[in-house]
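Down below is the structure, laid out as structure tokens.
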Amino acid sequence: MLSATFEMDDNGLCIIRCDPPVNGSDSFMFQPEVIASWKALLGLASTRETIAAIMQGREDTSRYDPKTGRGVWTGVFEALEAALADSATDVSMLADDGEVLNDPLTAARNKAREGMSLPTMSNETDANLIAALSADDSDEEPSSGIDTSMTKNIEGLDDFLNDESSQSNLDECEERFYQSLMPRPQNNQQ
């Protein structure tokens with residue numbers, strides 16, 4: 001059984017120490033900005049699910065192309081940027097009959113998930129997840145398919161997840177991440 005602790009150091013670094021090791025690592029260290037980026041890029045439902053993905057993810061480095069610099073994350077960054085650039089138009093991924101249409105962002109997320117050895121999700125799961133997150137009336141955390149059971153045994157994680165200042169910090173990180181991907185106005189000075 002996993003015995004793990006979560007702490008945030010004085011520099012804002014999230015540290016999880018595990019015994020026995022998870023995915024070959026006895027500790028995970030990351031900035032809160034990593035939580036925000038993984039959550040957005042992989043279409044994750046919650047901070048808990050994102051931390052579980054960070055702990056379980058293992059990058060397939062054979063997908064890195066040194067000639068172009070493209071790797072596991074490149075396509076999903078591009079897809080999210082494109083989706084944000086198109087956000088001015090209200091596009092539904094549901095057909096009139098309720099069928100979920102192919103979504104390029106979900107496809108890019110799934111390629112990144114595959115490249116990180118994480119489970120993929122269907123367009124329908126992604127659409128249902130978005131609807132569940134929009135409703136926000138459930139006490140149950142929605143899931144995009146990442147197994148979060150290991151995070152239930154991390155001492156200190158629930159305190160972090162329930163702390164208002166931690167959540168405020170994560171919200172700010174998420175806002176900055178999305179802002180960094182938004183299209184910038186073009187200067188047409190002559």
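Please list, by residue number, every one of the GluC sites (Glu not before Pro) in the range 1-80 that is coil in DSSP and has at most 16 other beta-carbon atoms within 10 Å.
Answer by residue number: Glu59.
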> ³J(HN,Hα) across the range 33-45 via Karplus (A = 6.51, B = -1.76, C = 1.60, θ = phi - 60°), whole Hz, x for Gly/Pro?
Replying inline: 4, 5, 4, 4, 5, 4, 4, 5, 5, 9, x, 7, 8
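When Lys and Arg each count +1 and Asp and Glu each count -1, what net charge do the other residues less than 13 Å away from Leu13, Cβ to Cβ, add up to?
Details: positive: Arg17; negative: Glu7, Asp9, Asp10, Glu33.
Around Leu13, the charge tally is -3.
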>> Using square roots of five times the C-alpha gyration tensor eigenvalues, list the equivalent-ellipsoid semi-axes of the range 9-56 in whole Å, biggest first.
In response: 18, 15, 7
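Efficiency by 1/(1 + (r/R0)^6): what FRET value for Ser25 and Arg176, r their Cβ-Cβ distance, R0 = 35 Å, to the nearest 0.05? Write down the numbers at each step before the final one.
Numbers: r = 27 Å, r/R0 = 0.77.
FRET efficiency, Ser25 to Arg176: 0.85.
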> Straight-line reach from Lys111: which lysines have Cα under 24 Å away, leaving out those fewer than 8 places along the same chain?
Replying inline: Lys39, Lys67
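Rule-based calculations on the coordinates, nothing more; no lab input. Everything numeric here is computed off the predicted structure, so don't read it as measured data. Note that each Cβ is placed from the backbone with ideal geometry, even for glycine, and that neighbours are counted across all protein chains shown.
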